[in-house]
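The values are calculated or read from the model by the stated rules, or taken from the named source; none is laboratory data. Remember, predicted model here, so these are calculated numbers, not experimental data. Because the Cβ atoms are built from the backbone with ideal geometry, glycine has one as well, and the counts that use them run over all protein chains shown. Please note that ligands, DNA and RNA were not included when accessible areas were found on the heavy atoms of the full protein model with its side chains. Shrake-Rupley method; radii C 1.70, N 1.55, O 1.52, S 1.80 Å.
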Amino acid sequence: MLVQDRVSPHAAVAVGGGGGQKTPTSPRGAPGADRRHPRPFAKNLDFASWASEHSSKLLLLLFVVASAAAVFLLRGAAPDAAALLCLDRSRSSSSSAAGSARLPYPDVKWAAVPPLAIAAGAPFASFRAERWIVVSVSSPPTAALGALARVKGWQLLAVGNSHTPSGWELKGAIFLSLELQAQLGYRSVDFLPYASHVRKTAGYLFAIQHGAKVIFDADDRAEVPGNDLGKHFDVDLGSGVTNHPVLLQYSHADPNRTVVNPYVHFGQRSVWPRGLPLDKVGEVAHEVFYTEVFSGQQYIQQGLSDGLPDVDAVFYFTRKPPTAAFDLRFDAEAPKVALPQGTMAPVNSFNTLFHTPAFWGLMMPVSVSSMASDVIRGYWAQRILWEIGGYVAFYPPTIYRKDHIQAYPFAEEKDLHVNVGRLIKFLNEWRSNKRTLFERILDLSYAMAEEGFWTEQDVRLTAAWLQDLLAVGYRQPRLMSLEIDRQRATIGEGDMKEFVPKKLPSVHLGVDEIGTVNYEIGNLIKWRKNFGNVVLIMHVSGPVDRTALEWRLLYGRIFKTVIILAEQSNTELAVERCALSHAYKFLPKVFARYGGADGFLFLQDHMILNYWNLLQADKEKLWITNKIAHSWVTVPLENNKEEWFVKQGSMVKQVIGSSPVHFQTNYKESMGEDKIAFCGSELFYIPRQFVEDFGDLVGLVGDLELHHKVAVPMFFLAMDSPQNFDSDALAGTVFRSNLVGNETFSSIYTAQAPAVFPVKVQNEIDFIKLIRVMSTGDPLLMELV
């Protein structure tokens, strides 16, 4: 829906350029398959003579038959027996531990790639153009496509797939049917699914082979205002300094910021692009200051779209009624803005200009979900762009796209919401010592497959794509040293450039944004500023496949990051395995990951945190529910008939008895030796200054089976005196051990409490109910449901 009418790249269907044509065969058949061999002369021999003459061949035939029989016997004997006959996997190689499991690295002889000439009789063989618009078409020509075909000085190239109607034609456009694509001789065509927009990859190569110097990657709904792309993009980067005015650039002052939301810069603070990590959607503050960079190397230029911008399914389905259409506007007067090395943003495939030095970045991956393909390509290309000194720049609205109110499955974005944050981190850390650009591109593609961002199929596609580029005459740019690996210049006052974005009307559930919403966004900024460097560690008891993303949506707007723990891990959702009964033992691992965090807040999913009521809490002190009667209780050990408490008390004595003097003194002064504290530990906060103490206490517990509900209160009492806790921070918590009668979470909930217990969130419906009650304290939450 967002990038053409996309469909998943399933198995190829038997269709050619249109619905009634047969599937084209690949032009890259087996070597020698098209050669003709003359029949040998036959000899008139009797059988005895023939057998005598061919006795050696008969023996060979018998050997082959025996070998074939052995294969079938081995296959029937055991599932693994056939592996014994694999000639390329010897016992020695299979016995090597990790090496045999690694993906095969493509062996490309770059210097030996033969040129691919355009056949004299091929369609459009003599046609050349420098400026191309490439779109994928799955339906009959639209009015918007007709307008694109008339953009002066540009050639429209429409790339077909198996959904393209038979006989597709548009005056002024070149149409690449499936049959024609199969005849082009490109290696990469073999990897492209028939029923997908990613077949644009063939179109990019066609344009490059036919003289392209600039390619506008678009979709069939793009309406260019004034029909002049040159008024909106920097089509001609020029060659002299006089042609290189400076651009605003996001500041690199914060080395920990690796991704930004460019929509904020263009006046839409509460809108985010498809592919932005969901835990970053709450970062709506405008830039304190920008820096500047010389124009001329913005080899990838991302335009914004009025009407229906590039937004994800979460935004699309939560900001308006189902039958309403989006018609958003960005600030057309806002200056274009560049990204420095180390900072990324989502880049799509329907409103993006690629200059020649970045043509290698046009390849669309095929092993990821359809709505993730162009965004993952965009992050991949941004990282490689740094290797040649290039950068991405964002431009004010360059097209208008009409919202057709067409739904698409949220599952198509799974690869984005699950992996994009990890991908950005990986790309920033990746380095290569390969000697040429194409070698580094292949190196990165291989590394991304090893990390699970895409599969071996895209590694092989990358190798084929790069060879195709060489074959059609593309020259790879020279490598340059990375700025992010050099000492960054100090940003002085004279280097700081100010720009305050407009606050343009947005949409919240179909209601135009007014001053009230601006106030609410201001509150969100205030909360984020207060907790933006606090890590939330959340233990989820419910089904994580139904709730993990929802919890990240809720709290990721406020906190530095949200770590999800559960009884069972889920790598796709970045959920880590941790038993609640010993959750405290896992916390030092998280502490070590976020050495610069101000503190760590632990929360169980059956307690809801009203973060807006914690702005006055002291982040330098410990918080826990020690003032909540039903959450924190003191259990005497003398004459206690509960065996479980007696055993736990014995372990507490053992730990405290082996502790350093300051832990022993603090604990015994508060609790003595004849009782223990028992706390549900549903919610507690550990500031940076106590992280080391907490880790030391976990080490003292060692392998003891000390329960979380006993260990955590013991740790708190050992680390500091309760009179030094910020006990007031959580003192107003609404806490019910059990809901009685007609009580529900909605009936006990109040937005004035710092936290409310208990709640049970098992699925999306429960989450929606929760958001609706919490919106009395944070009205912007209604955008999530």
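Here is how the numbers come out for the structure above:
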item: Residue that is surrounded by the most Cβ atoms within 10 Å (Cβ to Cβ) [pool: residues in the range 344-384 that are in a strand (DSSP E or B) and aliphatic (A, V, I, L, M)]; result: Leu353
item: Unmet requirement for Ser481, which otherwise passes all of (1) more than 16 Å from Phe191 (Cβ to Cβ); (2) in a helix (DSSP H, G or I); result: (2)
item: Which listed residue, of Trp612, Trp527, is over 21 Å from Asn256 (Cβ atoms), modelled with pLDDT of 90 or more and either surrounded by 17 or more Cβ atoms within 10 Å (Cβ to Cβ) or outside the structural domain of Trp623 (by the TED database) (or both); result: Trp612
item: Residue tally, condition over 22 Å from Ala566 (Cβ atoms) and assigned to a helix (DSSP H, G or I), over the range 738-751; result: 3
item: Test: residue in the range 653-675 that is touching a Pro at 6+ places or on another chain (Cβ under 8 Å) and acidic (Asp, Glu); result: yes
item: Residue match in the range 737-744 (condition: surrounded by 13 or more Cβ atoms within 10 Å (Cβ to Cβ), in the same structural domain as Cys679 (by the TED database) and modelled with pLDDT of 90 or more); result: no
item: Residue in the range 385-402 that is modelled with the highest pLDDT, counting only those that are open to solvent by less than 10 Å² (accessible area, probe 1.4 Å) and among the charged types (D, E, K, R); result: Glu387
item: Answer from Ser251, Ser295, Ser305 - the residue that is over 17 Å from Tyr379 (Cα atoms) and modelled with pLDDT of 95 or more; result: Ser305
item: Condition check for Gly421: assigned to a helix (DSSP H, G or I) and either assigned by the TED database to the domain that holds Asp254 or out of contact with any helix residue (DSSP H, G or I) (no Cβ under 8 Å at 6 or more places or on another chain) (or both); result: yes
item: Test for Gly556: is it modelled with pLDDT of 95 or more and open to solvent by less than 10 Å² (accessible area, probe 1.4 Å); result: no
item: Counted residues, the range 752-785 - those being part of a helix (DSSP H, G or I) and among the basic types (Lys, Arg); result: 2
item: Among (1) open to solvent by less than 20 Å² (accessible area, probe 1.4 Å); (2) more than 30 Å from Leu442 (Cα to Cα); (3) among the hydroxyl-bearing types (Ser, Thr, Tyr) - the single one Ser188 does not satisfy; result: (2)
item: Top-ranked residue of the range 164-179 - restricted to ones that are of a type outside the set (S, T, N, Q) and in contact with a Phe, Trp or Tyr (Cβ under 9 Å, 6 or more places away or on another chain), ranked as surrounded by the fewest Cβ atoms within 10 Å (Cβ to Cβ); result: Glu169
item: Qualifying residues in the range 465-483 (those that are open to solvent by 10 Å² or more (accessible area, probe 1.4 Å) and among the small types (Gly, Ala, Ser)) - the one nearest to the chain's Cα centre (by Cα); result: Ser481
item: Which numbered condition Asn533 fails, given (1) under 30 Å from Thr291 (Cβ atoms); (2) open to solvent by 20 Å² or more (accessible area, probe 1.4 Å); (3) modelled with pLDDT under 90; result: (3)
item: Leu308 of a type in the set (A, V, I, L, M, F, W, C) and farther than 23 Å from Ile133 by Cβ; result: no
item: Of all residues in the range 118-137 being modelled with pLDDT of 95 or more and of a type in the set (Gly, Ala, Ser), the one that is nearest to the chain's Cα centre (by Cα); result: Ser136
item: Subset of the range 696-718 [of a type outside the set (Asp, Glu) and open to solvent by 10 Å² or more (accessible area, probe 1.4 Å)]; result: Val698, Gly699, Leu700, Gly702, Leu704, His707, Lys709
item: Tally of residues being in contact with a Leu (Cβ under 7 Å, 6 or more places away or on another chain) and buried (at least 20 other Cβ atoms within 10 Å of the Cβ) across the range 279-292; result: 3
item: Listing of strands (runs of 3 or more DSSP E) fully contained in the range 564-640 that carry 1 or more residues being within 28 Å of Lys675 (Cβ to Cβ); result: 599-604, 632-636
item: The one condition in (1) buried (at least 19 other Cβ atoms within 10 Å of the Cβ); (2) under 30 Å from the mean Cα position of the chain (by Cα) that Ile624 fails to fulfil; result: (2)
item: Boolean, Ala463 is of a type outside the set (Asp, Glu), at pLDDT 95 or above and out of contact with any Gly (no Cβ under 9 Å at 6 or more places or on another chain); result: yes
item: Candidate set: the range 424-460, residues that are among the aromatic types (Phe, Trp, Tyr) and outside any helix (DSSP H, G or I); chosen: the one farthest from the chain's Cα centre (by Cα); result: Trp430
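For (1) buried (at least 21 other Cβ atoms within 10 Å of the Cβ); (2) farther than 29 Å from Asp545 by Cβ; (3) touching a residue at least 12 places away in the same chain (Cβ under 8 Å), each residue gets a yes or a no:
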{"position": "Cys578", "(1), (2), (3)": "yes, no, yes"}
{"position": "His606", "(1), (2), (3)": "no, no, yes"}
{"position": "Glu620", "(1), (2), (3)": "no, yes, yes"}
{"position": "Glu638", "(1), (2), (3)": "no, yes, yes"}
